[in-house]
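The values are calculated or read from the model by the stated rules, or taken from the named source; none is laboratory data. Just so it is clear, the structure is predicted and the values come from calculations on it, not from any experiment. Glycine gets a Cβ as well: all are built from the backbone with ideal geometry, and neighbour counts include every protein chain shown. SASA here: full protein model, heavy atoms, side chains in, ligands and nucleic acids out. Shrake-Rupley method; radii C 1.70, N 1.55, O 1.52, S 1.80 Å.
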Amino acid sequence: QVQLVESGGGSVQPGGSLRLSCAASGLIFRIKAMGWYRQAPGKQRELVAAITSGGSTNYLDSVKDRFIISRDNAQNTVYLQMNSLKPEDTAVYYCNAVIVGGLAYRENDYWGQGTQVTVSS
């Protein structure tokens with residue numbers, strides 16, 4: 001009924017940039033917070049960046065000043081612009097959104113399928 005589809009991952013050299021996109025589709029009444037998480041091999045999933053419906057943002061300390069999260073409410077899409085990438089940014093990145101929708105118009109937590117980001121020389 002509601003799904004998140006990510007795109008934009010890939011391989012890049014240190015210092016490079018990538019832009020991730022995540023589009024929500026389906027029976028959507030309202031999208032509240034949206035965010036990006038990542039999980040590196042052997043590590044726990046961590047919140048990278050989040051943005052509220054009003055545009056307030058917060059970031060993981062290690063990505064501040066390098067990553068920018070934004071959203072297009074008309075397109076139900078959230079973006080993550082990643083600059084000055086480092087090898088330690090290598091992980092699977094997951095989109096997350098709190099959405100009121102579905103046939104029962106309930107609030108649920110939705111996840112994308114994940115997209116690999118690899119930073120290596």
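Could you check which residue among Lys32, Lys64, Lys43 shows the biggest mean-square fluctuation in a GNM of the chain with a 10 Å Cα cutoff?
Result for the chain, Cα springs under 10 Å: Lys43 fluctuates most.
Per the 1.4 Å probe, what fraction of the accessible area of the chain, in percent, lies on carbon and sulfur atoms?
Here it works out to 46 percent.
May I ask you to evaluate 6.51 cos²θ - 1.76 cosθ + 1.60, the Karplus curve with θ = phi - 60°, for each residue of the range 86-99 and list the ³J(HN,Hα) values in order in whole Hz, giving x for glycine and proline?
Here the 3J(HN,Hα) series is 10, x, 6, 7, 4, 4, 8, 9, 10, 7, 9, 8, 9, 10 Hz.
Can you list the lysines whose alpha carbon is less than 17 Å from that of Lys64, not counting same-chain residues fewer than 8 positions off?
Hits, sequence-local ones excluded: Lys86.
For the range 52-98, with every protein chain kept in place, what is the accessible area per residue (1.4 Å probe, Å²)?
Spelled out: the 1.4 Å probe surface of the range 52-98, per residue, equals 48 Å².
Once phi is turned into θ = phi - 60°, what whole-Hz ³J(HN,Hα) does the Karplus curve with 6.51, -1.76 and 1.60 give for every residue of the range 58-68, x standing for Gly and Pro?
Karplus values, whole Hz, x for Gly and Pro: 8, 9, 4, 3, 6, 10, 4, 6, 10, 10, 10.
Over all directions, the average projected area of the alpha-carbon convex hull for the range 1-120 comes to how many nm²?
Over all viewing directions, the range 1-120 projects a mean Cα-hull area of 6.9 nm².
Among Ala97, Ala50, Ala40, determine the one that fluctuates most according to a GNM of the chain built with springs between C-alpha atoms less than 10 Å apart.
Among Ala97, Ala50, Ala40, the largest GNM mean-square fluctuation belongs to Ala40.
Would you mind telling me which residue in Gln13, Gln81, Gln44 has the biggest mean-square fluctuation in a Gaussian network model of the chain, where springs connect alpha carbons within a distance under 10 angstrom?
Highest fluctuation among the options: Gln44.
Check each of the chymotrypsin sites (Phe, Trp or Tyr not before Pro) in the range 14-121 and keep only those in coil by DSSP with at most 16 other C-beta atoms within 10 angstrom; list them in order.
On the way: sites: Phe29, Trp36, Tyr37, Tyr59, Phe67, Tyr79, Tyr93, Tyr94, Tyr105, Tyr110, Trp111; in loops: Tyr105.
Qualifying residues, ordered by number: Tyr105.
Given H placed 1.01 Å from N in the peptide plane, which residues other than close sequence neighbours of Leu60 have an amide H under 5 Å from its amide H?
HN-HN under 5 Å from Leu60: Ala49.
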